[in-house]
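Asks: The structure's right below; bear with me while I get my questions together.
No value in this document is a laboratory result; all are computed from the given coordinates. None of these values were measured; they are calculated from a predicted model.
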C-alpha cells in the first residue's frame, strides 16, 4: 500500500509532538543516566530536540506565505527578540543564546504548522500524539510500575511515560480538551476513539494526583462554558452580569484562605503550597536586584553554578520557581514579563471575541483552550517560552495559535 508524502509528513509531526510532549526520553534519561548538572545542560535532550525540529526546514518551500503569516503573531517575535537581547546582560551569555535559539526553533515550528497545514490536520496530528502518550502511560503503570509510579516524596503518584506526576497531570488535562474537540468534530467511527481517549486521560489525571492537572481539567471546560453562556446572553444584560460576578468574586477573596486551607488539606497540601511560598519569598529579593532586565533568559536556574546557588544553599534543590511568571521575571525582567502578559491577554481576547461572535468552532475552541492552559499552567510552572522537552510542545502550540489566520466573517480558520 502506497503512503502519500502528505501522510508521511503527518506521521513525522505526530512523532515530533510525542517528543516535544516530554514522553519517553526524559524519563529514560532520569532513570538510566541519573542527575544532569543544569549548568552543563543535557546532551540527550539537545539531540532529540534537534530531531523534533527537523521539520522546520520545510519553511523554505513557503517563503512568501511564511513572511505574510509571521506578521499575525508579531508579539511572539518581540518576546523572542527580548529573550535573545538578554544575552548582552546575561549571567550566562552562552546558555542564554543557545536557549533563545532553541525557543526560536519552537516558534518557527508553530509558523510551519500555520503555513503548511490545515487546522484540522494539526488537530488530528496532535490528537494522535497525545493518544500515544496516554495509551503508553496507562500501559507503563501496569507493566513497569517501578518507572511509571513515583516514589518518595510523591509515593504512589503516577507519572506514566513522562518525567513527573505534574507533567502527566498537565498533559492528560490538555489531552482531555483536545480529545473533546476532536470527538465532537468527527463524524465517523473515529469519534468513538476520541471519547475512549478522554476516559483514559481522565483516569491519568486522577492517577497522577496532580493538583495542577486536576484544576486544569476543571478550569478549561468551565472557562469555555462561561464564554458560551456569556455569548447567549442579550447584549444589554452582559454589563449587569459582569457587575454581579464581580460583586460575588471580590468578597470571595476575603474567605478564600479558609476555603483554600480545606481544599489543600484534602490534597495533602498546606497554605505554604508544599514549601513554594517560602521559596518565592527567597526569590523575590533576587528578582528585585535586577527588576527590569533579569539575569538573562535561561540563565538563573543553573544549579550551583548560577544565581540559583543561593537558593540551593538555603532550601531544597529547586529546579525552577514553581511559578512561570516569577521565573520570567528572574530571567527576562519586568520588561519581558510585560511583553508576555500583553501577548497572553491579546491572544486570549482574540479567541474570546471569536467565540462570542460564532457558534462553537473546533479550531476556535482549541485555540481558546491553548491560551487558557498557557495562562493558568504558567501559574504553577513555566510553560510559556519554554524550550525543553516536556514544555516545548506548549510553546509551539501557543506560537501556532498566535500566527494562524482567522477569517473575520465566519471566524473559521483558513489556510494562508
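Asks: Please work out whether the stretch 5-403 counts as rounded, prolate or oblate from its C-alpha gyration tensor, where a ≥ b ≥ c are the square roots of the eigenvalues and a/c under 1.5 means rounded, while otherwise a/b larger than b/c means prolate and anything else oblate? It would help to have the intermediate numbers written out before the result.
Replies: Numbers: a/c = 1.17, a/b = 1.09, b/c = 1.08.
Rounded.
Asks: In addition: Measure of size requested: the Rg and Dmax of the stretch 277-386, with Cα atoms as the atom set and Å as the unit; please supply both.
Replies: For the stretch 277-386, the Cα-based Rg and Dmax read 16.6, 54 Å.
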